[in-house]
Every structure is written in structure tokens, then in C-alpha cells.
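First comes the structure, then the notes that go with it.
The values are calculated or read from the model by the stated rules, or taken from the named source; none is laboratory data. Since we're looking at a predicted model, the values are computed, not measured. All Cβ positions, glycine included, derive from the backbone under ideal geometry; neighbour counts span all protein chains shown. Ligands, DNA and RNA are stripped out before the accessible areas are found, and what is left, the full protein with its side chains, is counted by its heavy atoms. Shrake-Rupley method; radii C 1.70, N 1.55, O 1.52, S 1.80 Å.
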Amino acid sequence: MIDFRSDTVTQPTESMLQAMLSAKVGDDVFGEDPTINQLEQMAAEMFGLEAGLFCPSGTMSNQIAIKAHTQPGDEVICDELSHIYQYEGGGIAVNSACSVRLLHGNNGCLTADMVKDAINNPNDVHKPISRLVSLENTVNKGGGCCYELTDIEQIKSVCITNNLSLHLDGARLFNALVYKQQKASNYGELFDSISICLSKGLGTPVGSVLLGNKAFIKKGRRIRKVMGGGMRQAGILAAAGIYALENNINRLANDHLHATQIAEALAATDFVGNILPVETNIVIATIKGRFTPASFVEAMAKHTIKLFSVSSTQIRLVVHLNISKQMVDDTINVIKSL
Ligand SMILES: *Cc1c(COP(=O)(O)O)cnc(C)c1O
């Protein structure tokens, strides 16, 4: 079976499991799990930020950040494709009682002008108070596309002028860093908070880390407890995260190459229309003519290749560390044979 449904389907490797088995653990709600403390510190240092908070999921990590940055009735500015809006169960309303201003960016990437135009006049009592801008990099629903640092710098300057916080949903930030050859510290300088996922391209079974300054993470730790995310001897999971940060970042370039190769094979068929620009590990393609997204997914399933249709016109493939070169070659041959 070749599984392109998501980069969350990865199985831990033998060496990652070994790292987990030998982890020293303690009660993290007491702050006594040495492996979690090490992971939080290691991730914070990579980004040049003061502190980190290990969370069970990227959803929780984003939701903690949104709640820590806002008051009920505030407004969060984000792209309409954002995971925080599309795929977190309405959590912005449930957890933070905030409204959302949705923008229509370029495949999910915003510009400073878009953000500027969306900020409400704080003296107009009709309007919610604009408080937080949340960016996503790479953009999942945008086909894994990435921001230019200069665009983020301009957005940051709009945020500073207007007294807004800036959060990054960096579930796949390492894919962007590898593709754009950017540094983690560039991001630490620009964002008030960053959520990174260990369980996507980095290949761990569980976990995300929220990063920010000490006061923000202290607040976040309280919110995590309230949400039921205070774990105990979870150093077993954090050990997988440390292993992933040490071993699984540079290899993401393979996934990007494989995604490009699959996109090229799709583009050469008569049943694929527009493909969103493939920069990282995600391919989102429009299906037309002989196939519908559903019938294409079914045809691939007959060859034990799994993927999702993501809309009435589009399919998505996500490449990850359990997809080998052989699997990519096999997939390309199946696509050619259809
Ligand atoms: C997967 C993902 C998350 C977090 O997802 P969890 O499944 O809760 O870990 C957040 N943002 C983006 C863009 C994602 O793709």
C-alpha cells in the first residue's frame, strides 16, 4: 500500500522507537519530565525564542496561541484557507470567543496590504477589535506553498504599527525552511508565537511545540492545562520529537523532489487540469474529462495507492518519509497507465 493521504500517516522508524524507549521521563505537569524540558528548550533555541510548550496536537497548540493572544470579542485575521479556520472545529469561537476576518490571499499567502485593509478602527464601537494576525507556512490547502521572508517582514511591520500580535501556524514550517533555504531564527525574529508540528513531515507519532517568550508560554501552559493537554510522562513522545529535529529535517528535500515528479506525471495526462505550484511535499491537482476526483481516487485505490479528493474538482497527494523512491516510480507508472 502506498499512502499519500497525509504526512500524518507515517510510522515511527526503528531508530526513533529506540530513542523513545530510552527516554528519561517524569511528571510534566510538575515540570519534571527532563526529555520534554529538553525538547522545549531545543526547539526554542532553534528559533531564537525564549520558551516552548509541548502539546498533544497542532490544533491544540494553535488554539492555545489564539487564546493567549486575545480577549473574547476580539477579531483574528487570517486567510480563508487557514487550518485554524477550516480544520479546527470552530475552535476560535469555542475556545477564544473571537470573530474571524477571512482574507482571500494568493493560495493562502497574505500580503501586508491585505492585512492593513482588514484592520478595524479601534475607536469604532461597531467593530470587533483586531488583535491577532495568523499566517500559515507552508499553506496546506494552498498546495504547500511558502512565504517569502520579505512578505512576512512587511506584514510584521503592519502588525507593529497597529498593535497586533503575529502568530505562525508552522505545521509544515520545516518544509518551507528547506525549500526556501531560510533559517528558523528568521521566523523567531518575526513572530510573537510559532506552532510547529512534529507529527507531519518530521515523522513522529504525536506532538507539536508552541514557541514564544517566557510570559506567553507561561500563559499558554495554564491554557493547555484547562484544555486537558497537561500530560504526565510524555517524555516518551518528546524523545521522538528530539530525534526528528536532529535527523528528519534535511531529508524533506527528497519529499519535495518526489512531489514534483508526481506532479509532472499528472500534468502529462489528459485528465489533469490546473496543478497548484508544487514547492514542497503537497500536490493539489484539478481532475477533468475522463475522471472525476472520486473516480480517480478509486482507480488509484485499485493499485493500492491511497489519496484524497479534497473538493468536487481537486485531488491531493502528500509525500512523506514513508514514501520511497520505488513507491514514487510505481505511482508514476500507474498514473501513466490510466
Ligand atoms: C495538521 C495541521 C495542523 C495541526 O493538526 P493536528 O492534527 O491537530 O496536529 C495545523 N495546521 C496545519 C496547516 C496542518 O496541516
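When restricted to residues that are farther than 12 Å from Val206 by Cα, of a type outside the set (Asp, Glu) and either under 21 Å from the mean Cα position of the chain (by Cα) or surrounded by 15 or more Cβ atoms within 10 Å (Cβ to Cβ) (or both), region 1-15 contains 5. Is it the case that some residue within region 65-76 is within 15 Å of the ligand (Cβ to nearest atom), outside any helix (DSSP H, G or I) and open to solvent by less than 10 Å² (accessible area, probe 1.4 Å)? Yes, region 65-76 contains a residue that is within 15 Å of the ligand (Cβ to nearest atom), outside any helix (DSSP H, G or I) and open to solvent by less than 10 Å² (accessible area, probe 1.4 Å). Out of Ile129, Ile155, report the one residue that is at pLDDT 95 or above and in contact with a helix residue (DSSP H, G or I) (Cβ under 9 Å, 6 or more places away or on another chain). Within the list Ile129, Ile155, the selection yields Ile155. Looking at region 81-107, which of its residues are assigned to a loop (DSSP other than H, G, I, E, B) and not hydroxyl-bearing (Ser, Thr, Tyr)? The answer is Leu81, Glu88, Gly89, Gly90, Ala97, Cys98, His104, Gly105, Asn107.
Yes/no matrix, rows are residues, columns are (1) within 15 Å of the ligand (Cβ to nearest atom); (2) crowded, with 21+ Cβ neighbours inside 10 Å; (3) outside the structural domain of Asn281 (by TED's automatic domain parsing); (4) under 16 Å from Pro12 (Cα atoms):
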site: Ser193; (1), (2), (3), (4): yes, yes, yes, no
site: Thr204; (1), (2), (3), (4): yes, yes, yes, yes
site: Gly207; (1), (2), (3), (4): yes, yes, yes, yes
site: Ala215; (1), (2), (3), (4): no, no, yes, no
site: Arg222; (1), (2), (3), (4): no, no, yes, no
site: Gly228; (1), (2), (3), (4): yes, no, yes, no
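The condition (being within 11 Å of the ligand (Cβ to nearest atom) and among the charged types (D, E, K, R)) is satisfied by just one residue among Lys141, Lys180, Lys156: Lys141. Taken together, the residues in region 100-126 that are within 23 Å of Ala171 (Cβ to Cβ) and among the polar types (S, T, N, Q) amount to 3.
One residue stands out in region 50-64 among those that are open to solvent by 20 Å² or more (accessible area, probe 1.4 Å), of a type outside the set (Gly, Ala, Ser) and within 16 Å of the ligand (Cβ to nearest atom): the one that is farthest from Asn123 (Cα to Cα), namely Pro56.
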